[in-house]
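Student: Shown below is the structure under consideration.
The values are calculated or read from the model by the stated rules, or taken from the named source; none is laboratory data. Small disclaimer: the values here were computed from a predicted structure and weren't measured. Methodologically, a virtual Cβ is constructed for each residue, glycine included, from the backbone with ideal geometry; neighbour enumeration extends over all protein chains shown. The protein model used for the area step is the full one, side chains on, heavy atoms only, and it has no ligands, DNA or RNA in it. Shrake-Rupley method; radii C 1.70, N 1.55, O 1.52, S 1.80 Å.
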Amino acid sequence: MKKKKVSCFFCQTRLLAMLCLCWFNLTSGQDIYTIDVSQTKKEILRDHLDLGGKSVTGESIEVNSFYIERNGKPYFPVMGEFHYSRFPNQYWDEEIKKMKAGGINVIASYVFWILHERQEGVFNWQGDLNLRKFVELCHKNDMEVIIRIGPFAHGEMRNGGLPDWLYGRPFEIRSNDPAYLAYVKRLYDQIANQLKELYFKDGGPIIGIQLENEYQHSAAPWSLYYPGSDKEWSAARFDREIIQGGVGVNEMGNDYAAYGQKHMQLLKEMAKSAGMDVPIYTATGWGFASIVEKGSIPVSGGYAYPTWVASDIPSTLYLYKDLHKNPDYSPVSYNPELYPSMAAELGTGMCNTYTKRPRVPAESFLPMMVRTLGSGTNGLGYYMYHGGNNPSDGPLYYSEGFGYTNKSYDYQAPIGEYGIAGRGFYYLKLVNYFLQHYGDLLAPLPTVLPETNSRIAPDNTTTLRYAVRSNGNTGFLFMHNFQDHVKTGDLNNLQIKIHTGKGEITIPETGSFNLKTGTSVTLPFHLELDGLLIKYATVQPFCSFMNANDTYHVFWSVEGLSPEIVFNNPLSVKTDGIAVLHKNGNMVVTGEEGKLFECIVDQTEQKIHFLVIPMEKALQAYLTGSPGNQHLVISEAIVLEEKDIISLIKAGKEEWKIEVYPKVKSVEAVDAKLTLLKSEKDYMTSWNISVSALVPAVTFTRTDDRHTVLDAKDLNLKNLNDVYIRFDYLGDRAMCFLNGELQTDNFCIGEPWLIGLKRFESQLQENDMYFYFIPMKKKAPYLSYFDKEILPDFSAIRDFLEIKEPEVIPEYKVKIKIMK
C-alpha cells in the first residue's frame, strides 16, 4: 500500500507539473513546436548512374542517389550563372573574382549558338565570345565550370539561342531528325574544340555539361514573324501542345516521353563523342521535361516572381517539402529518389517584359535558399547571379521575343549589368559561405518535416515554417519568416523541441526566441567540430579556417535570437568577458545580441576559436589568404583576392573601415592612406582606408523634359575603377544611345537606373551619350506591379515622367597586403 501511495504521489506531481507548464505556456503566449528525428534513415544508392569520373591529378567525382561526392567525401556545389557573351571580355577576370568573393564555387554559362554561328558555317570564338578564355580565367581563379551547350538555351536570347538561319529548314528542330542532328554535331564539335584539355579529367575546371534546356517543357518564339500572326515556337511540332513560355507545371504528361529520352541520350552520346567527357551531366528536370535516364542529374528551379503568371499569386516556393521525393514543379518524368536534388535555376532576379514588371526584393533571396536547403537540395544554383547586356548587330537585337528589354540583361541579379553588387549579393554570401565550409556535413542529411508543415499554405503567416535535416542524431534546423506577395509579421515567444536518438534538444533551453519578419536561420544541433560537440547553437555557421595552427569557426547572430553556443561537456575556455555557465553537464556560452564575441577552447594540441558576429558584420565579411594562413576581413568594400594581394572596391565613398581577424601586425596599401584604429576587440585589428576624392569630368545637359545629354570627353579613369551614372526616375522606360546605337535600356520598376561608363571610355572621347526617357501612361498595363505609394495621381493627367538630377558615382579600387 505504501508503495502504491508513493507511485500515486509521483503521478500527481507529474500531472501538476504538466498543468503548470500548460498554464505557463498559455499565460506567456509561448509557442512550442516539436519534431521527432530519432528514427530518420536514408537509403543511398551507388553505382546505378552513368556519371562520375577521375582526373589526371588523382581527384574523383562520383554521384550517388542523394549527393555528389568529391574524393569520397560529400561535396556541395554553389553555382552562379554568368553569361560570358553578355559582358565585355576585358573585365571577365574581375567579375569572376567578385563571384568567388560572394561564395560561388561553380560558374554556369550558356553557349548561345545564335551568337557563335550568326552566319551558317561561320563560327566566331573571339572577343566577348571567347569561350576558352573565359574558362581559363575561371581556372586561374580556382572556379569550376558547368557549360550549358544547348543546342537550345532559352536564356531570354533570340529564338532561345537557335540561329535565325535554322528557321524554315525541312526538318523538325529539337528532334531526332538526322538532318537537324547534323547541325548539332557541328556545333558540339566546335564547342569541344574550344574546350580541349580544360575538362576535369585533364585537371581542368569543367566538371559538368548541361544538355539542351527544358526539353519537352519550354520553347521560345521565333523572331521571324508578322504582326498580327501567331508566333511560332522553337520546338518540334509534336511537342507544341505541352511546351510553355516559362517554368511551370505540366499536368498533361507527355505522349512522346520515350522519344524525348532517346533525344537526350543521343545528345549526351554526341557530346562525349566530340570530346566533352565530364563527370557530371545535367538536364532540366522540372515540369515533366525529358532527361537522360540514369545518365544525367535532373536539375530543378524556382521563380517566385515570374513574368509568365499573374503578378499577385503567392508561390509555394517558401513552403518546406521533401524535394528528394517531391520536386518543385512536379510531376516530373523520372524517379526523383534515384538522383540528388540539385537546384540550377533559383530565381535571384527576373528579366521583366514591357507589360509585366515584378520587382524581386533582395530580401527574398536568403529565405528561399534556407527553405530549399531545409527541403533537401544538395546543390544551389542561382539564375542569374551576374547580369549582363545583350549583344547586337546595329539595329538587330538578340533579345527573346517576349517583350524584354532589347539590350539590358541586368536581371535584378545579385551582381548587375555593369558589375555593381546589390543587396542580394550580400544576403546570399551568408548561405554560400556556410555551404562552402559546412556543406559536406549537411549533404548526407535527409529532410524531416514537422506535423504542422502540411497545414501551412502560402497565405498562412502565423505558423512557424521550419524543417530539419538530420541523420537521427546530428543535424541542422532551418526556419524562415517570409512569403512572396504576402505580408508577414514577427513570430514571437517560440521554442522548438527536437527529439533525437541522443535525447531531446530544446532551443533555447530557457526562455524563447522571436523570428522577425523576413528573417531566416540555420541552426546546428549535436554538431561535432574538431572533436568538440555542440549540443545546439542559436547562432549560424558562416565559415571555418586555420591560422598559425589554430582553428577558427565564425558564426553570425540575428536579431530576435539571443546568441548562445551550448557545448556538450565542460571545457577549458577563455572568453572576452561574456557569460559562461555550466548547466546539466553542458557549458553555455552566451553573448549580447548585436555584439561580437569570442570564446577559445584550449585543446591539448591546438586552440579552437569561436567568433560570433552580428548579421550586419557577416554581410561584410570575406575569408582571405591561403590555407593555413587565412584571415577574416570585414569591410564595406567588396574584397577581391589574387595570391597575396587584396583588392578593395568601393563606390561612392572615399574612406571606409576594415577589420582583420585574427589580429595582424600591419597592412600595406598602394595609393591609399591607412590609419590604425582602436579595435572593438583586442583580437582584431582595424584600419581606416582613405583615398583622394576624385570628381569625374562629366557634364549633363537637360535639353527638354525627356532628353539628357552626357558629355564625358575629358573623362579619365586612370585612378578609378569605374564611374556610374545613377538616374532616379519614374516613367515608362529609358534608353541610352552612343555613337548612333542603343547601348542599354531600362523598364522602370521604381528602382534607380545605373550605367557604368568604363566600357565606353574610348567612345566617349569622341561622342556624347544620349539618354531618352518616355512617360508612364495612365492606363499602362504594368501599373499593378508598382507600390501604390510611389505611383502618381492620374486623376487629372494622362501621363507622368519625373527625372531627378543624375548622380555621378566614382568607384575606387585599393590594393592592400596583409603582413604576417
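Student: Just for the stretch 175-213: of the residues that are among the charged types (D, E, K, R) and not in a helix (DSSP H, G or I), which one is nearest to residue 150 (Cα to Cα)?
Tutor: For the stretch 175-213, the residue satisfying everything is 212.
Student: Conditions: (1) assigned to a loop (DSSP other than H, G, I, E, B); (2) surrounded by fewer than 18 Cβ atoms within 10 Å (Cβ to Cβ). Residue 696 meets all but one. Number of the miss?
Tutor: (2)
Student: Name every residue in the stretch 389-398 that is surrounded by fewer than 24 Cβ atoms within 10 Å (Cβ to Cβ) and not polar (S, T, N, Q), in order of residue number.
Tutor: Those that are surrounded by fewer than 24 Cβ atoms within 10 Å (Cβ to Cβ) and not polar (S, T, N, Q): 391, 393, 394, 395, 396, 397.
Student: Next question. Among the numbered criteria (1) within 29 Å of residue 80 (Cβ to Cβ); (2) not in a strand (DSSP E or B), which one does residue 473 miss?
Tutor: (1)
Student: Is it the case, given these coordinates, that residue 311 is more than 18 Å from residue 208 (Cα to Cα), open to solvent by 10 Å² or more (accessible area, probe 1.4 Å), among the hydroxyl-bearing types (Ser, Thr, Tyr) and in contact with a Ser or Thr (Cβ under 7 Å, 6 or more places away or on another chain)?
Tutor: Numbers: more than 18 Å from residue 208 (Cα to Cα): yes; open to solvent by 10 Å² or more (accessible area, probe 1.4 Å): yes; among the hydroxyl-bearing types (Ser, Thr, Tyr): yes; in contact with a Ser or Thr (Cβ under 7 Å, 6 or more places away or on another chain): yes.
Here the answer is yes, as residue 311 does meet what is asked.
Student: Considering only the stretch 763-777, state which residues are open to solvent by 80 Å² or more (accessible area, probe 1.4 Å), over 13 Å from residue 730 (Cα atoms) and not acidic (Asp, Glu).
Tutor: Answer for the stretch 763-777, where residues must be open to solvent by 80 Å² or more (accessible area, probe 1.4 Å), over 13 Å from residue 730 (Cα atoms) and not acidic (Asp, Glu): 765, 770.
Student: Pairs under 9 Å by beta carbon, first residue more than 19 Å from residue 77 (Cβ to Cβ) and open to solvent by 10 Å² or more (accessible area, probe 1.4 Å) in the stretch 192-212, partner modelled with pLDDT of 95 or more and of a type in the set (Phe, Trp, Tyr), six or more apart or different chains?
Tutor: Listed by first residue and then by second, the contacts come to 193/125; 194/125.
Student: State all residues of the stretch 99-121 that are closer than 18 Å to residue 543 by Cα and basic (Lys, Arg); if no residue qualifies, say none.
Tutor: 100
Student: Could you please let me know if residue 426 is under 13 Å from the mean Cα position of the chain (by Cα), on the phi < 0 side of the Ramachandran plot and among the hydroxyl-bearing types (Ser, Thr, Tyr)?
Tutor: Yes.
Student: Oh, and also: Only one residue in 123, 200 is in contact with a helix residue (DSSP H, G or I) (Cβ under 9 Å, 6 or more places away or on another chain), at negative phi and among the aromatic types (Phe, Trp, Tyr), so which one is that? Quick ask: steps written out before the conclusion?
Tutor: Numbers: 200 fails: in contact with a helix residue (DSSP H, G or I) (Cβ under 9 Å, 6 or more places away or on another chain).
Answer to the check: 123.
Student: Which members of the stretch 406-443 meet the condition of being under 23 Å from residue 721 (Cα atoms) and small (Gly, Ala, Ser)?
Tutor: Those that are under 23 Å from residue 721 (Cα atoms) and small (Gly, Ala, Ser): 408, 413, 416, 419, 421, 422, 424.
Student: Does the stretch 378-388 contain any residue that is open to solvent by 10 Å² or more (accessible area, probe 1.4 Å) and among the aromatic types (Phe, Trp, Tyr)?
Tutor: No, there is no match, as no residue in the stretch 378-388 is open to solvent by 10 Å² or more (accessible area, probe 1.4 Å) and among the aromatic types (Phe, Trp, Tyr).
Student: Then there's this: Where residues in the stretch 778-820 are of a type in the set (Phe, Trp, Tyr), within 31 Å of the chain's Cα centre (by Cα) and over 21 Å from residue 725 (Cβ atoms), which of them is surrounded by the fewest Cβ atoms within 10 Å (Cβ to Cβ)?
Tutor: Among those that are of a type in the set (Phe, Trp, Tyr), within 31 Å of the chain's Cα centre (by Cα) and over 21 Å from residue 725 (Cβ atoms), it is 786.
Student: Also: Somewhere in the stretch 100-114, is a residue part of a helix (DSSP H, G or I), touching a residue at least 40 places away in the same chain (Cβ under 8 Å), in contact with a strand residue (DSSP E or B) (Cβ under 6 Å, 6 or more places away or on another chain) and over 27 Å from residue 180 (Cβ atoms)?
Tutor: Within the stretch 100-114, one or more residues are part of a helix (DSSP H, G or I), touching a residue at least 40 places away in the same chain (Cβ under 8 Å), in contact with a strand residue (DSSP E or B) (Cβ under 6 Å, 6 or more places away or on another chain) and over 27 Å from residue 180 (Cβ atoms).
Student: Just to be sure, is residue 248 touching a strand residue (DSSP E or B) at 6+ places or on another chain (Cβ under 9 Å) and either over 14 Å from residue 174 (Cα atoms) or not in a strand (DSSP E or B) (or both)? Write out each step before concluding.
Tutor: Details: touching a strand residue (DSSP E or B) at 6+ places or on another chain (Cβ under 9 Å): yes; either over 14 Å from residue 174 (Cα atoms) or not in a strand (DSSP E or B) (or both): yes.
So residue 248 fits the description; yes.
Student: Condition first: of a type in the set (Gly, Ala, Ser), part of a loop (DSSP other than H, G, I, E, B) and at pLDDT 95 or above. Now tell me which residues in the stretch 346-402 satisfy that.
Tutor: Result: 349, 375, 376, 379, 387.
Student: Another one. Tally up the residues in the stretch 46-74 that are within 23 Å of residue 468 (Cβ to Cβ), open to solvent by 30 Å² or more (accessible area, probe 1.4 Å) and of a type in the set (A, V, I, L, M, F, W, C), please.
Tutor: Of the residues in the stretch 46-74, 0 are within 23 Å of residue 468 (Cβ to Cβ), open to solvent by 30 Å² or more (accessible area, probe 1.4 Å) and of a type in the set (A, V, I, L, M, F, W, C).
Student: Take the residues of the stretch 77-135 that are among the aromatic types (Phe, Trp, Tyr) and open to solvent by 10 Å² or more (accessible area, probe 1.4 Å): which is farthest from the chain's Cα centre (by Cα)?
Tutor: Out of the qualifying residues, it is 123.
Student: Here's another thing I want to ask about it. Collect the residues in the stretch 582-605 that are surrounded by 12 or more Cβ atoms within 10 Å (Cβ to Cβ) and either hydrophobic (A, V, I, L, M, F, W, C) or at positive phi (or both), keeping them in residue-number order.
Tutor: If the condition is that a residue be surrounded by 12 or more Cβ atoms within 10 Å (Cβ to Cβ) and either hydrophobic (A, V, I, L, M, F, W, C) or at positive phi (or both), then 587, 588, 589, 594, 596, 597, 599, 600, 601 are the ones that fit.
Student: Continuing with the same structure: Checking the conditions here, which among 664, 660, 639 is part of a loop (DSSP other than H, G, I, E, B), among the β-branched types (Val, Ile, Thr) and touching a residue at least 12 places away in the same chain (Cβ under 8 Å)?
Tutor: Every option except 664 fails the conditions.
Student: Checking residue 586 against (1) in contact with a Ser or Thr (Cβ under 6 Å, 6 or more places away or on another chain); (2) without any contact (Cβ under 8 Å) to a residue 60 or more places away in the chain; (3) over 25 Å from residue 648 (Cα atoms): exactly one of these is not met. Which one?
Tutor: For residue 586, the failing item is (1).
Student: Now for a separate question. Exactly one condition in (1) open to solvent by 50 Å² or more (accessible area, probe 1.4 Å); (2) in contact with a Pro (Cβ under 6 Å, 6 or more places away or on another chain) is not met by residue 727; state its number.
Tutor: Among (1) open to solvent by 50 Å² or more (accessible area, probe 1.4 Å); (2) in contact with a Pro (Cβ under 6 Å, 6 or more places away or on another chain), the lone unmet condition for residue 727 is (1).
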